[in-house]
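Asks: Below is the structure I would like to discuss, written out as structure tokens.
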Amino acid sequence: MSFDKDTFSEQYTSLLAEYADSLDEAPLAAIESLGQKMVLSNTPPETIGEMHDHAIAELIALSKLNAERIRAASRPLMQLLISYGVAFRAMLARKEAENQLHLASRAIENTVDGIIITDASANIISVNRAFEQITGYPKQEAVGRKLQMLHSERQDRSVYRKMWKSVKETGQWQGRLWSRKKSGEEFPEYISITAIHANDGKLSNYVKVFSDLSEKLSLEQQFQQAQKMEAIGTLVGGIAHDFNNILAGITGNMYLAKRKIQQGEQLPEAVDKINKIERLCRQAAAMISQLLTFARKGIVEMQELSMNSFVEDSLKFVQVTIPENIRVIHDVTSEPVLIRGDITQLQQVLLNLLNNARNAVEDVPEPRIELKLSHYDPDDTFLTKHPEAEGKRFAHLSISDNGYGIAKKHLDQVFEPFYTTKEVGKGTGLGLSMVYGAVQSHSGFILVESEQDRGTTFHIYLPLIGKLSEDLKTTALIGPLEAKGETILLADDEQHVRETTAEVLESLGYKIIQTEDGRRGIEAFKAHQEEISLALLNVVMPHYSGIQLAKLIREVNPVMPIVFVTGYDTERMLGNHEQIQNSRMLIKPVQFDALSHTIRELLD
């Protein structure tokens, strides 16, 4: 409605004359309505006085308003002012509310985080543009559906039950989850869910705000890989030292064994030397296996593991980086300490903390590093700082040194990325940040205690599980298992490995058909498919790889048992192929007792 001063003035003059003539209430109601119309048409407030003065003067000139009625004319003016004021304030409040609503709407629509608003039953009623961009669901397709349409199978349903339990009990929940896009692709997200209640206190809506963590996760993995490469550089010197020692032991025992055999006497002593060679080879193979595991890329892969064995084995692995003048004390409880963890990340944690401890004690007269593993039941002090630990038991791993310590002013910053007190070239400042992130990804806690010139202790707490799954329990292999007359296809391009393996298997009673590459492998299989009971395939070979050869074999015989062997990282070599049915995978150098048991397991 547009402002027209003359029209409003005429209407007011007419209504004022009517009231002055009759003193009836009806014109007053009309004057109130006029005041509301003036507000809606954006009439300036100073116009009211001008209109009233003009109306009084005109009515006096027309002899329609005498001195006795002038006093009564103040009431219509008061009605007009009151009506105009009330309507004006209401208009201001409405405009302010509209502006706030418009601002909120624009903020929600243009924020980089996805926003979902649901009703009390978790039915989606509104989403923003970022939701559409992140998930791939257009707004019209998402509205009316349940939040469950985004659920991923990466986490157990119990995770969602705990999440909604928290929302209903506390009104909110925050955390990381994996969700699913319309395309089926899974992505990591950080979620905040808040319950909204109406004025009467009843639950009316839920608001979910989420951000896609894919890029952040990729950066974290890059940081972790950078740390691995930095740590591997540290390991190389120590590993080279240990490998040279192992090779020296092997060559020495080989020399002694040959002399004993050539002399034709003291055969038991020759066997003893050969046993020592075998142990040294296994030690070297274990070191390579751990190095491959440590260098492996990839996201967190949780598995049930014994911290007792992990700490003992990993300490042997990383201890090559610690000079012999540093005393290393380790105290590992004999009670089973079982957790769910990622071996690669935990190895990095241990290596980073031990490296820090090593650097801290470089200039100490009697350098000492102490590592302890035990059970831990949270006390009241711990629970006050970490209430989420209520009702849980933990593996407590501590690493202490008697080095120069950390200044109190730096303690709150030690876990920040790129923060370091080391000299330029001595560190990136990513080590403790990676340690902190790894512990968090295991739903654990890390604390640091330090006193300058007295030393530092890092405490790591990881949630315990009850017991290892049955499929993780292993029994010792006692001797090789004999053949039952079966024929095995053996394909390996390394001649000495192939011939040695064939000789061992033949000594156990197997008939062996040898081929040196994948192409000859499939030719040999087709020529002898009726007699071949199992295929033993090297993964990396010329012409056809072990994986390709296995697929060709399975086209001819879909149930043929297959054993893969590789000297490389199995994840890089096999990828998703490790799920091939009725197959096993072994790491070179293969322990022949284990190979015989694996073959019998598949054949029997």
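Taken together, the values in this text are just the output of simple stated rules run on the coordinates, not laboratory data. Remember, predicted model here, so these are calculated numbers, not experimental data. All Cβ positions, even for glycine, are placed from backbone atoms using ideal geometry, and neighbour counts span all protein chains on display.
Asks: Sorted by mean Cβ packing within 10 Å, highest first, what order do the peptides 25-33, 191-199 take?
Replies: On the way: 25-33: 16.3, 191-199: 14.0.
Result, highest mean Cβ count within 10 Å first: 25-33, 191-199.
Asks: Length gain on complete extension for the stretch residue 457 to residue 588, per 0.36 nm per residue less the alpha carbon to alpha carbon distance? Don't skip to the end; give the middle numbers.
Replies: Numbers: separation 131, 0.36 × 131 = 47.16 nm, distance 3.88 nm.
Result: 43.3 nm gained on full extension.
Asks: Something else about it: Rounded to two decimals, what is the ratio between the C-alpha radius of gyration of region 483-555 and 2.2 N^0.38 Å?
Replies: Against the empirical 2.2 N^0.38 Å value, I get 1.01 for region 483-555.
Asks: Under a straight-distance cross-link criterion of Cα-Cα below 13 Å, which aspartates and glutamates are reachable from residue 258, leaving out those fewer than 8 residues away in the same chain?
Replies: 269, 272
Asks: Still on this structure, I have one more. Give me the net charge of residue 542's neighbourhood, meaning all other residues with Cβ under 12 Å from the Cβ of residue 542; Lys, Arg count +1, Asp, Glu -1.
Replies: After counting each charged neighbour, the total is -3.
Asks: Another question, then. So which aspartates and glutamates pass the test for residue 216, namely a Cα distance under 12 Å, with those fewer than 8 places away in the same chain ruled out?
Replies: Residue 216 reaches 189.
Asks: Also, quick follow-up: Place a point 7 Å from the Cα of residue 183 along the Cα-to-Cβ direction; which residues of region 106-136 have their backbone N under 17 Å from it?
Replies: Taking a point 7 Å out along Cα→Cβ of residue 183, the residues of region 106-136 whose backbone N falls under 17 Å are 130-136.
Asks: Length gain on complete extension for the stretch residue 216 to residue 465, per 0.36 nm per residue less the alpha carbon to alpha carbon distance?
Replies: 86.7 nm
Asks: Express in whole angstrom the spacing between the alpha-carbon centres of region 527-564 and region 170-189.
Replies: For region 527-564 versus region 170-189, the Cα centre distance is 42 Å.
Asks: Hey, what did region 309-376 get for relative contact order, percent, Cα under 8 Å, at least 6 apart?
Replies: Averaging sequence separation for qualifying contacts and normalising by length gives 52 percent for region 309-376.
Asks: What's the center-to-center distance, using Cα atoms, between region 108-157 and region 337-410 in Å?
Replies: Using only Cα atoms to place each centre, the spacing works out to 41 Å.
Asks: Around residue 193, what is the net charge, scoring Lys/Arg as +1 and Asp/Glu as -1 over all other residues with Cβ under 15 Å from its Cβ? Walk me through the numbers on the way to the answer.
Replies: On the way: positive: 146, 161, 162, 165, 168, 176, 208; negative: 113, 119, 169, 189.
Result for the local shell: +3.
Asks: Considering only the other residues whose Cβ falls under 14 Å of the Cβ of residue 398, what net charge follows from Lys and Arg at +1 and Asp and Glu at -1?
Replies: Numbers: positive: 368, 372; negative: 331, 370, 401, 449.
Net charge around residue 398: -2.
Asks: For the cross-link pairs 316/385; 162/182; 260/588; 95/168; 511/551, which exceed 27 Å when the distance is taken from alpha carbon to alpha carbon?
Replies: Long pairs (Cα-Cα over 27 Å): 316/385; 260/588; 95/168.
Asks: Give the relative contact order (percent, whole number) for region 110-172; include only Cα pairs under 8 Å separated by 6+ residues.
Replies: Values: 57 pairs, mean separation 14.9, N = 63.
Once divided by the residue count of region 110-172, the mean separation gives 24 percent.
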